[in-house]
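Report on one structure; see the data block that follows.
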Amino acid sequence: MLLSVFMKQLSVISTLITCAASHGFVQFIVADGKNYSGWDPGFRYQDPPPSIPGWTANNPDIGFVSPDSFAHPDIICHKSATPGQAYVDVTAGSTLTLQWFTWPDSHKGPIIDYLADCGAAGCTGAKKENLQFVKIAQASWKSGNEWASDDLIRNQFKWQVKIPSTLKPGYYVLRHEIIALHGAFDIGGAQAYPQCINLHVSGAGSKSISGGVPATKFYKEDDPGIFFNIYGEIASYPVPGPGNIWTGA
């Protein structure tokens, strides 16, 4: 029994060491002054795992979703993702802070945020393939060799997302994603790191999300913003995904 517990603890430590030397994940979410947990790969060793707003994912290597899976359900909320079993309570118009565990400075690329309405039934039993996402924010190339991911690193791995002030109360999935382009000079070399989080939005808004599309239709491996050389001289960068940003206006 003691040996079994020790081995589980050793596995968790090993996972965290891997994380520290690897990519990253959203470890915490701060909303309206309260702290919530994202999906930590170490939770896979807990039986049962905790009920958290972050969607679970089968990514113990803190890996990525590759372009050959962009039409596969893995791109929606990461590999073999299942819904979070709790919610981040947030008021429409307020700003969430997403705390990444870490992020390597070589993995430069855009940071994009999407939102999908789960309906009255909520998100804990949502079928990910049915979620219709709209883009609510994006940040990408800045100048020279500076990208949104560099801002994330400079801000101690924190990223802020504002929830549209006119959004009607309800249950939503926030899809937060970094696309790493360090290998994107070859087709198939981009790396997507989607993170999904359940939100319970309150407030006085009345606007419903419109024009959403499934995440499996966001990208193709040869899209200009997916197949892109960050090492040459850059004049502009075409942010991948839906062109319109939903503001609730």
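We did not get these values from a lab; they are worked out from the coordinates using the rules stated. None of these values were measured; they are calculated from a predicted model. Here Cβ is always computed from backbone atoms with ideal geometry, including for glycine, and neighbour counts include all displayed protein chains.
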Only residues in the stretch 127-155 that are closer than 12 Å to Y237 by Cβ count as the first member; pair them with residues that are polar (S, T, N, Q) and outside any helix (DSSP H, G or I), Cβ under 6 angstrom, at least 6 apart or cross-chain, and list the lot.
A148/S140
Report yes if D105 is free of Cβ contacts under 8 Å to residues at least 60 places away in the same chain, surrounded by fewer than 16 Cβ atoms within 10 Å (Cβ to Cβ), over 14 Å from the mean Cα position of the chain (by Cα) and closer than 18 Å to V239 by Cβ, otherwise no.
no
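In the stretch 116-132, is there at least one residue being closer than 24 Å to F157 by Cα and among the aliphatic types (A, V, I, L, M)?
Of the stretch 116-132, the ones closer than 24 Å to F157 by Cα are none.
Taking every residue of the stretch 116-132 in turn, none turns out to be closer than 24 Å to F157 by Cα and among the aliphatic types (A, V, I, L, M).
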Which pairs turn up if I take residues in the stretch 114-126 that are without any contact (Cβ under 8 Å) to a residue 12 or more places away in the chain and look for partners that are buried (at least 16 other Cβ atoms within 10 Å of the Cβ) and of a type in the set (G, A, S) with beta carbon separation below 6 Å, at least 6 apart in sequence or on another chain?
none
